[in-house]
Amino acid sequence: MGREKRRGKTGLSLLLCGILLSVGWGGDASALGFASTNGLQLSEGISGKVIKEFGVAASVSKLKNLVNSEDLVPQIIEATAPSVVGIIGKSAGEHSSGPDDRYNLTHGSGIIVKSNGWIITNAHVIKDLQNVVVVTSDAKKYSITESYADEYSDLALIKINAKSLKPAKFAAAAIDPLVGEKVIAIGTPISFSLRNSATVGVISGLNRKVDAAYRLIQSDTAINPGNSGGPLLNMKGEVLGINSLKYSAVGVENMGFAIPAATVQYIMNQLFKYGEVKRPSLGLELEESWSAIVGIPTGDPLKVTKVDAASARKAGITAGDDLYSIDGHRVTSLIDINELFKSYVPGATVRLLMQSDGDIVVRKLVLGQGDPLMGGEDSGADGDGQKDE
């Protein structure tokens, strides 16, 4: 079905496959005993909860989106499908079975971000891919002329020689999606002949720490190889994230993950500006506590296991020290640091609250440049691995 990323102690396999969304919220509001609020048919329980959380004006707007979203799906798909592309090429990686195997193909999806041919996709979609063909929704074929990849975030930018393309609109970083919010996925599942397939579902969870450098969006989606790099859309037709991962195991269903729009914008801006991602680095190797690793809420610090950078040694940091916070921001996991460092640049000075030899101390450290901190036994992207057969 697709290349497995790794199999952990739980017996789950994490696949870099993309997300297809299924299951919508339908039904007749009046038949369910909904009350009317400002002309909108709402249940008292739902309306009261949302109004309390967001206020009357915001609640009415949000609930209108929820109630009317079923009618919007076809229009959203029609409007956004031209911004989605299919990507296919000959695999030169571990799935290659010989230069004469013309069916040894791997494919994925991508999102147009600039009208002059720039496309964002997953890094594992284009990794080790040769003779790549990009196909737009109007069935036109293009070759890739430029590409920049960042394997740590699993994102890549590619360029095709095209004009007047329709860029997708990304959701504002300041507006967080909601658990239970209806979403749409568009992509190329299983076979390249199924380009621009669309499915619908809901967001299952936010800020998930799943074998990645940054937090992910979880959705209750049916996942198929080849959807990697395609968009996860809200009911405004905005890109909430880029579909990337799924859990695969017997008895496990509807556990898919997408890279949030804010992370996509951060990586994309860096790739456009530098051709790479210039990340700040503490110059330390850190270990999470047992509670943080298994997902139990904790305030446990991170343990310094190795000091790599001269600047960190100069700051007086040694192996065995505990790190509690960076510039007043509490950090209990490696992803906490990676997320925080989106707003920092190499060369910045930070204040670290630490414990050293039993004493609470503040260390001033000049950030270097390096790769993000990664947790887990196997954190490298393996590629989509879906053959077009």
TODO: Highest first, please rank the peptides 174-186, 231-243 by the mean number of other Cβ atoms sitting within 10 Å of their residues.
DONE: 231-243, 174-186
Task: Full-extension gain in nm, LEU72 to THR298, via 0.36 nm per residue minus C-alpha separation - done: 77.2 nm
- [ ] Can you tell me the order of 360-367, 85-92 when each peptide is scored by its average per-residue count of other Cβ atoms within 10 angstrom, highest first?
- [x] 85-92, 360-367
Open item on the list: Let me see the P(r) profile for the stretch 294-373: every Cα-Cα distance counted, bins of 10 Å, each bin given as a percent of all pairs.
Closed with: 17, 56, 25, 2
TODO: Set the Förster distance to 51 Å, then compute FRET efficiency between GLN355 and ALA139 from the Cβ-Cβ distance, nearest 0.05.
DONE: 0.25
Task: Fully extended contour minus Cα-Cα distance, from LYS169 to GLU285, at 0.36 nm per residue - done: 38.0 nm
Open item on the list: Check which residues have an amide H placed less than 5 Å from TRP118's amide H, if you skip close sequence neighbours.
Closed with: VAL113, ILE160
- [ ] Quickly work out the GLU276-to-SER191 label distance, labels modelled 7 Å from Cα along the C-beta direction, and quote it in nm with one decimal.
- [x] 4.3 nm
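What pairs in LYS140/LYS236; LYS182/LYS209; LYS303/LYS342; LYS90/LYS236; LYS278/LYS306 have C-alpha atoms more than 25 Å from each other?
Result: LYS140/LYS236; LYS90/LYS236 exceed 25 Å.
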TODO: Could you work out the Kirkwood radius for the stretch 170-296, taking every pair of different alpha carbons, averaging 1/r and inverting it, reported in Å?
DONE: 15.9 Å
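With a 1.4 Å probe and every protein chain left in place, work out the accessible area per residue of the stretch 124-237 in Å², rounded to a whole number.
Accessible area per residue, the stretch 124-237: 42 Å².
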Task: Burial ranking of peptide ranges 147-156, 315-324 (average Cβ count within 10 Å, highest at the top) - done: 147-156, 315-324
TODO: Could you check the simple spin-label distance between ARG102 and ARG313, using points 7 Å along Cα→Cβ, in nm with one decimal?
DONE: 5.9 nm
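The values are calculated or read from the model by the stated rules, or taken from the named source; none is laboratory data. The shown structure was predicted, so the numbers you read here are calculated from the model rather than taken from an experiment. Don't worry about glycine lacking a Cβ; one is built from the backbone with ideal geometry, like all the others, and counts go over all protein chains shown. For accessibility, only protein heavy atoms count, side chains too; no ligands or nucleic acids. Shrake-Rupley method; radii C 1.70, N 1.55, O 1.52, S 1.80 Å.
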